[in-house]
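Participant: Below you'll find the structure I mean.
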Amino acid sequence: MSPARAGDERSFGGAQPLRGTLRLPGDKSISHRALMLAALAPGLSELTNLATGDDVHATRLALEHLGVGIRTRLGAVRVRSSGRASLREPDVVLDCGNSGTTARIITGILASCPFHSVLTGDASLRARPMLRVVEPLRRMGASIDGRDGGDHAPLAIRGGALHGARHELPVAWAQVKSALLLAGLAGSGATEVVSPAPSRDHTERMLGALGVPVERTAAAVSVRAGEPVPFSLDVPGDPSSAAFFVVAATITPGSEIVLADVSVNPTRTGFVDVLRRMGADIEIVESATRCGEPVGNIVVRSAALHGTVVEGDEIPNVQDEIP
């Protein structure tokens, strides 16, 4: 490192209090699922405030290659589909980019489609484990192959008839749970997924709100064959994005902010619980439910914090916010 030179000095004043109201971009997890459920719903669905990042775009492109009509007009994304039966064999390899959510959940849809498809992704995605979703789908009758016995993409999927099954997951994997539930919508009999701890429950919430019979207990969720109805959804703000502003307002004296129209799903607000234990002044005001998802405002006032311990069973609900 070069030594400092005269004139290089910089001075910084204390941070000014944060005040005001902020509307955040749409939640990424809900956006993925909204696109996929709209593709399975026969009719026209309309989505606003959809997340615009590369991962959600990968889901959109994959669905378009499967024959789903998706158009953006005046800020709204319109999805027109005739349901799962209308999905067609793609004439290209489905590139999921860096989106593990796209790759894992869409595998659950493709497992029941009567055609051949191949999905891949970037170098990072191709290194991620896929057997956690491939093996339970195989137990339902799916034909899936890939590198290392199906543990790594590219994956080749020969879709066909599926049967329901009971799956006991060793880890609370929301993406795997979602893939199995969407596969179960096309299977004979019930499909049940048992998890050792709570995980994101967007898929089962949305399915239940869209006319699919869903049975839930504290540890399990099950579905039978069915299809969602078309819907309109203004995607609530992303709580993971909100976390940065929550922390900033908490540690900046004199701050008070409102994060408006955010998903306040309890499986996504674990970071709020942790911060409250540390002394944070955070209020969640639930105001609506959209497609089964609780939506509200997060009000944050500055406060002094102290240390805490994050237990292992809390990790699924704070994993995106820890970094």
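Participant: Would you call Ala111 modelled with pLDDT under 95, within 29 Å of Phe231 (Cα to Cα) and among the small types (Gly, Ala, Ser)? Please lay out each step first, then the result.
Facilitator: Numbers: modelled with pLDDT under 95: no; within 29 Å of Phe231 (Cα to Cα): yes; among the small types (Gly, Ala, Ser): yes.
So Ala111 does not fit the description; no.
Participant: Can you tell me which residues in the stretch 83-135 are of a type in the set (A, V, I, L, M), free of Cβ contacts under 8 Å to residues at least 40 places away in the same chain and either part of a helix (DSSP H, G or I) or touching a Lys or Arg at 6+ places or on another chain (Cβ under 9 Å) (or both)? If you could, list the steps in order and put the result at the bottom.
Facilitator: Initial filter on the stretch 83-135 (of a type in the set (A, V, I, L, M)): 85, 87, 92-94, 103, 105-106, 109-111, 118-119, 123, 125, 127, 130-131, 133-134.
Then keep just the ones that are free of Cβ contacts under 8 Å to residues at least 40 places away in the same chain; that gives 85, 92, 94, 118, 123, 125, 127, 130-131, 134.
Of everything in the stretch 83-135, those that are of a type in the set (A, V, I, L, M), free of Cβ contacts under 8 Å to residues at least 40 places away in the same chain and either part of a helix (DSSP H, G or I) or touching a Lys or Arg at 6+ places or on another chain (Cβ under 9 Å) (or both) turn out to be Ala85, Ala123, Leu125, Met130, Leu131, Val134.
Participant: Kindly indicate the residue of the stretch 49-77 that is charged (D, E, K, R) and over 25 Å from Ser241 (Cα atoms) and also modelled with the lowest pLDDT among those meeting that condition.
Facilitator: So the residue we want is Arg73.
Participant: Moving on. Does Gly160 satisfy the criteria of being at pLDDT below 95, in contact with a Gly (Cβ under 9 Å, 6 or more places away or on another chain) and among the small types (Gly, Ala, Ser)?
Facilitator: Details: at pLDDT below 95: yes; in contact with a Gly (Cβ under 9 Å, 6 or more places away or on another chain): yes; among the small types (Gly, Ala, Ser): yes.
Judged against the criteria, Gly160 is a match.
Participant: Further, regarding this structure: Of all residues in the stretch 36-55, count the ones that are surrounded by fewer than 24 Cβ atoms within 10 Å (Cβ to Cβ) and assigned to a helix (DSSP H, G or I).
Facilitator: Counting residues in the stretch 36-55 that are surrounded by fewer than 24 Cβ atoms within 10 Å (Cβ to Cβ) and assigned to a helix (DSSP H, G or I) gives 2.
Participant: Quick test for you: out of Val176, Val171, pick the one residue that is within 21 Å of the chain's Cα centre (by Cα) and assigned to a loop (DSSP other than H, G, I, E, B). Break it down into steps so the answer makes sense when it comes.
Facilitator: Values: Val176 fails: assigned to a loop (DSSP other than H, G, I, E, B).
Selected residue: Val171, the only one of Val176, Val171 that is within 21 Å of the chain's Cα centre (by Cα) and assigned to a loop (DSSP other than H, G, I, E, B).
Participant: Could you say which residue among Thr250, Thr203 is in a helix (DSSP H, G or I) and assigned by TED's automatic domain parsing to the domain that holds Gly69?
Facilitator: Values: Thr250 fails: assigned by TED's automatic domain parsing to the domain that holds Gly69.
Answer to the check: Thr203.
Participant: Which residues, counting only those in the stretch 260-291, are touching a residue at least 24 places away in the same chain (Cβ under 8 Å), aliphatic (A, V, I, L, M), closer than 27 Å to Asp313 by Cα and not in a helix (DSSP H, G or I)?
Facilitator: Val262, Val264, Met278, Ala280, Ile282
Participant: Between a first residue in the stretch 67-78 that is farther than 23 Å from Ile109 by Cα and not assigned by TED's automatic domain parsing to the domain that holds Met36 and a second residue that is modelled with pLDDT under 95 and not acidic (Asp, Glu), which pairs have beta carbons less than 6 Å apart while being 6 or more apart in sequence or on different chains?
Facilitator: So the pair list comes out empty.
Participant: When you scan the stretch 47-65, how many residues do you find that are among the polar types (S, T, N, Q) and closer than 22 Å to Asp91 by Cα?
Facilitator: Step one: filter the stretch 47-65 for residues among the polar types (S, T, N, Q), giving 48-49, 52, 59.
From what's left, closer than 22 Å to Asp91 by Cα: 59.
Here the count works out to 1.
Participant: Next up: Does Leu185 satisfy the criteria of being of a type outside the set (Gly, Ala, Ser), over 17 Å from Val134 (Cβ atoms) and in contact with a helix residue (DSSP H, G or I) (Cβ under 9 Å, 6 or more places away or on another chain)?
Facilitator: Values: of a type outside the set (Gly, Ala, Ser): yes; over 17 Å from Val134 (Cβ atoms): yes; in contact with a helix residue (DSSP H, G or I) (Cβ under 9 Å, 6 or more places away or on another chain): yes.
Answer is yes for this residue.
Participant: Based on what the data block shows, is Glu46 at pLDDT 95 or above and either over 27 Å from Leu259 (Cα atoms) or not acidic (Asp, Glu) (or both)? Before you say what the answer is, go through the steps one by one.
Facilitator: Working: at pLDDT 95 or above: yes; either over 27 Å from Leu259 (Cα atoms) or not acidic (Asp, Glu) (or both): no.
No, not satisfied.
Participant: Checking the structure you have, find out if any residue of the stretch 205-214 is out of contact with any Leu (no Cβ under 8 Å at 6 or more places or on another chain), surrounded by fewer than 17 Cβ atoms within 10 Å (Cβ to Cβ), without any contact (Cβ under 8 Å) to a residue 40 or more places away in the chain and within 24 Å of Leu50 (Cα to Cα). First the steps, then the outcome.
Facilitator: Let us first name the residues in the stretch 205-214 that are out of contact with any Leu (no Cβ under 8 Å at 6 or more places or on another chain), namely 205, 208-209, 211, 213.
From what is left, the residues that are surrounded by fewer than 17 Cβ atoms within 10 Å (Cβ to Cβ) are 211, 213.
Of the ones still in play, those that are also without any contact (Cβ under 8 Å) to a residue 40 or more places away in the chain are 211, 213.
Then keep just the ones that are within 24 Å of Leu50 (Cα to Cα); that gives 211.
Yes - at least one qualifying residue is present in the stretch 205-214.
Participant: Of all residues in the stretch 221-247, count the ones that are in contact (Cβ under 8 Å) with a residue 60 or more places away in the chain, hydrophobic (A, V, I, L, M, F, W, C) and assigned to a strand (DSSP E or B).
Facilitator: So the count comes out to 1.
Participant: Select from the stretch 250-266 the residues that are touching a Lys or Arg at 6+ places or on another chain (Cβ under 7 Å) and among the small types (Gly, Ala, Ser) and write down the one among them that is nearest to Asn49 (Cα to Cα). I'd like the intermediate steps shown before the answer.
Facilitator: Just the residues of the stretch 250-266 that are touching a Lys or Arg at 6+ places or on another chain (Cβ under 7 Å), to begin with: 255-257, 260-261.
Add one more test, that the residue is among the small types (Gly, Ala, Ser), and what stays is 255, 260.
Details: Ser255: 27, Ala260: 13 Å.
My answer is Ala260.
Participant: For the stretch 294-312, which positions are buried (at least 16 other Cβ atoms within 10 Å of the Cβ) and either of a type in the set (A, V, I, L, M, F, W, C) or in contact with a strand residue (DSSP E or B) (Cβ under 6 Å, 6 or more places away or on another chain) (or both)?
Facilitator: Pro294, Val295, Gly296, Asn297, Ile298, Val299, Val300, Ala303
The values are calculated or read from the model by the stated rules, or taken from the named source; none is laboratory data. This is a predicted model, so every value here is computed, not measured. We place every Cβ from the backbone using ideal geometry, glycine too, and count neighbours over all the protein chains shown.
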